[in-house]
Amino acid sequence: MVQSSVLGFPRIGAFRELKKTTEAYWSGKVGKDELFKVGKEIRENNWKLQKAAGVDVIASNDFSYYDQVLDLSLLFNAIPERYTKYELDPIDTLFAMGRGLQRKATDSEKAVDVTALEMVKWFDSNYHYVRPTFSHSTEFKLNGQKPVDEYLEAKKLGIETRPVVVGPVSYLFLGKADKDSLDLEPISLLEKILPVYAELLAKLSAAGATSVQIDEPILVLDLPEKVQAAFKTAYEYLANAKNIPKLVVASYFGDVRPNLASIKGLPVHCFHFDFVRAPEQFDEVVAALTPEQVLSVGIIDGRNIWKADFSEAVAFVEKAIAALGKERVIVATSSSLLHTPVDLTNEKKLDSEIKNWFSFATQKLDEVVVVAKAVSGEDVKEALSVNAAAIKSRKESAITNDAAVQKKVESIDEKLSSRAAAFPERLAAQKEKFNLPLFPTTTIGSFPQTKDIRINRNKFTKGEITAEQYDTFIKSEIEKVVRFQEEIGLDVLVHGEPERNDMVQYFGEQLKGFAFTTNGWVQSYGSRYVRPPVVVGDVSRPHAMSVKESVYAQSITKKAMKGMLTGPITVLRWSFPRNDVSQKVQALQLGLALRDEVNDLEAAGVEVIQVDEPAIREGLPLRSGQERSDYLKYAAESFRIATSGVKNTTQIHSHFCYSDLDPNHIKALDADVVSIEFSKKDDPNYIQEFSNYPNHIGLGLFDIHSPRIPSKEEFIARIGEILKVYPADKFWVNPDCGLKTRGWEEVRASLTNMVEAAKTYREKY
Ligand code: GLN
Ligand code: ZN
């Protein structure tokens, strides 16, 4: 029998039980007992579910109360001193490291005030991990035994599991030096950390574990030589340690071939590779295995919600069997299923035709098992034919295919993605038209999403108020925002986005080609979960999406009103994409749909239009090379398709945030004005890089994540700092990002100070 294996299961619970209990714990509504009870229930449910589905190799230690990388930092005692000094319980230390902790002193507890560790995107997924943070004083040692406890917990249920931990090379490489030890290179800690790994592995072995999954996902990145060499050191050390279970080294989310030389011949029992993302690595990785090594074939997609095509999956695994023999092949999910929603059967509102194409984590368990059975020669004819019918239905459906859209994509040419004139000529035309002062002031789009707004939106969704009533309400909110901006003297106004639940969902719901779940939550970080829309078919715009609100806003002011849209890459990145056409095609379709919207806005008299692309950086392929340059090309092209149909006098803005931006990546978008998150950037060299940016730019002046109100003097000082290296005539004045999560009081005070500071500089220049 060929074995089936699941690399990890979502840990949030089918109905977000983990979020509910952790948030209740944080707010003091429930105690540790309740928190741990819910955690245990989720783990047990997950194991039982997998067992019942017939999965042979089930993971343990895939559960976490916050993040699996953070768990490891706690376990290995990589805890900066600022967290240990409060002598908190382990779970509270974990949360303090993950999200910071601010607590007043009580009779029984000391006051605590500590910020969180850095949080970073987990490769190219929408999951974020807490960055291991090392200093010269870090002393690795086993601090508890979570993986052993969870292994034993499953065993008690009669379920044998394969514990999973992030491997030593990835763990160190994904970490960083703490501010007191900036000269420390994390990978140099390898020799110190290996004995602790060995100790953990021996403990797992003593508890009964026969094999352990060690994740080394960094194998899909461009790695410095020192890091490549670390694999040999690490795995030879571990293989020679005493009482070690069989090691399964797993990588996912890409192609390992550029690092294959560093893992070839390592003394490990099995390698797991992701053949959903990189089937083209097959021949080379197979050739690199030693004669005993087993290959775990990641063939059921852990990153998306589409049903696997069984005939393709079976054929792929059969290829592996032909090369290696049945005993040396395992059928597996491509990665942990953490990145998929829990259970499709909880979707009651999804169109049944579309639902038949989906597979969430629970359904993927069956998929792995069916493929393993099929290649073992068991009779799964029924399952195969049901699957074939679903695949065929999706391929041929009118929902998937829209000939008109496909034709439009094919006819895209240079002209469609270039503005009528180059920037200098547009700038002159726009200067004349808008007559903006030096240091023009604006905001990024959203204003506080108050309770009142949420209540009214809810009432409208539930049918408790009519569309007219809701409309009147939205108009009154827009008017409030417009009057406020006029009052404090902003130059380019926005309507405040009160009608939007979310910057992607709002547009997705109005575009053809999207589907939505009611319970398809996926962990983004800690207790933050997202419910991504799904691109199910060719995308088009049946009707205007934002024109009504923007036109109303423009009608009540003489100042320039900025229309506000979400860009193609951001819509795509924050959705589950199709896997039957390329992301490029999907981005271009979104670009075309948005082009219609941009043109309609212009025709209706909205002549400043911002197309937000906060996700443009996170879409960047993990490795440099062809794929990355292709991405940058189509990302820019789809943006330009959306924004190039307008007159020279129409001013196109864009906005970026969430990650360090390379100004070179955004040049090709050719937006007239961009605004970027910048308030935490102090490095003058980094600021300097932006001075070469040819068009105009607003380097975000204050952090919108914090309730803190910067004074006028602070704004003046900050602008002064930037002006040392950045030219005044390209300088826009704006916050870091939208203001939706802030309160009105802070917004009023911060923006007033910001505008006053801009006026001060206008007098000087
Ligand atoms: N226009 C959006 C807003 O202001 C942009 C949000 C974002 O970049 N994340 O809310
Ligand atoms: Zn932003």
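For THR442, what charge total do you get from the other residues with a beta carbon under 11 Å from its beta carbon, if Lys and Arg give +1 and Asp and Glu give -1? With Lys, Arg at +1 and Asp, Glu at -1, the net is +1. What's the angle, to the nearest 10 degrees (0 to 90), between helix 225-240's Cα axis and the longest principal axis of the chain? So the inclination is approximately 30 degrees. What's the angle, to the nearest 10 degrees (0 to 90), between helix 583-603's Cα axis and the longest principal axis of the chain? With both axes taken from Cα atoms, the answer is about 20 degrees. The lysines within cross-link reach of LYS681, meaning a Cα-to-Cα straight distance under 17 Å and a gap of 8 or more places when in the same chain, are LYS179, LYS724.
Over segment 162-205, the fraction of Cα-Cα pairs per 5 Å bin, rounded to whole percents and listed from the shortest bin up, is 5, 21, 25, 21, 15, 8, 4, 1.
Among the DSSP beta bridges whose two residues both lie in the chain, what percent are antiparallel, rounded to the nearest 5? Around 20 percent of the beta bridges assigned by DSSP in the chain are antiparallel ones. Normalised by 2.2 N^0.38 Å, where N is the number of residues, the alpha-carbon radius of gyration of segment 293-346 equals 1.27. For the listed residue pairs LYS459/LYS480; LYS51/LYS156; LYS355/LYS392; LYS51/LYS373; LYS431/LYS764; LYS480/LYS562, the alpha carbons are over 18 angstrom apart in LYS459/LYS480; LYS431/LYS764.
Placing unit charges on the Cβ atoms only, positive for Lys and Arg and negative for Asp and Glu, gives segment 541-641 a dipole magnitude near 180 debye about its Cα centre. About the centre of its Cα atoms, segment 93-174 shows a dipole size close to 40 debye [charges on the beta carbon of Lys, Arg (+1) and Asp, Glu (-1) only; nearest 20 debye].
Peptides 274-281, 72-79, 687-694, 118-125 ranked from most to least packed by the mean count of surrounding Cβ atoms within 10 Å: 72-79, 274-281, 118-125, 687-694.
Ranking ALA728, LEU511, ALA404 by how far each Cα lies toward the positive end of the dipole of the chain (charges on Cβ) leaves LEU511 at the top.
When every Cα-Cα distance of segment 238-342 is counted in 5 angstrom steps from zero, the calculated P(r) takes the values 2, 13, 23, 24, 19, 11, 6, 2, 0 percent.
Working note: Cα gyration tensor of the chain, eigenvalues times five, square-rooted, sorted largest first, giving semi-axes of 45, 32, 26 Å. Close amide H contacts of PHE134 (hydrogens built in the peptide plane, cut-off under 5 Å, sequence separation of 5 or more or a different chain): LYS176, ALA177, ASP178. Note on segment 653-732: Cα-Cα pairs beyond 18 Å make up 38% of the total pair count. A simple charge model with +1 on the Cβ of Lys and Arg, -1 on the Cβ of Asp and Glu and nothing else charged puts the dipole of the chain at about 800 debye relative to its Cα centre. For segment 363-498, just say rounded, prolate or oblate: build the C-alpha gyration tensor, square-root its eigenvalues into a ≥ b ≥ c, call rounded for a/c under 1.5, and beyond that prolate if a/b exceeds b/c, oblate if not. It comes out oblate by the Cα gyration axes. Amide H to amide H, with H built 1.01 Å from N, HIS272 comes under 5 Å of VAL249, ALA250, SER251, SER296, counting only residues 5 or more places away or on other chains.
Treating the Cα atoms of segment 439-571 as identical point scatterers in vacuum, please give the log10 of the normalised Debye intensity I(q)/I(0) at q = 0.20 Å⁻¹, two decimals. For segment 439-571, the Cα-only Debye profile gives -1.29.
A DSSP coil position with no more than 12 other Cβ atoms inside 10 Å describes the following trypsin sites (Lys or Arg not before Pro) in segment 175-266: LYS242.
Toward the positive end of the charge dipole of the chain, with +1 on the Cβ of Lys and Arg and -1 on the Cβ of Asp and Glu, the farthest Cα among CYS657, VAL539, ASN456 is that of ASN456. With Cβ to Cβ distances under 11 Å as the rule, what net charge do the other residues near PHE275 carry (K, R +1; D, E -1)? That sum, taken over residues with Cβ under 11 Å, equals -3.
Peptide packing: for 413-419, 539-545, 679-685, the average count of neighbouring Cβ atoms within 10 Å per residue gives the ranking 539-545, 413-419, 679-685, highest mean first. How much net charge surrounds GLU763 when only the other residues with a Cβ under 14 Å from the Cβ of GLU763 are counted, with Lys and Arg +1 and Asp and Glu -1? Neighbour charge sum, excluding GLU763 itself: +3.
Principal axis extents of the C-alpha atoms in segment 91-206 (largest first, rounded to whole Å): 45, 41, 31.
No value in this document is a laboratory result; all are computed from the given coordinates. As the structure is a prediction and not an experimental result, all values here were calculated from the model. Here Cβ is always computed from backbone atoms with ideal geometry, including for glycine, and neighbour counts include all displayed protein chains.
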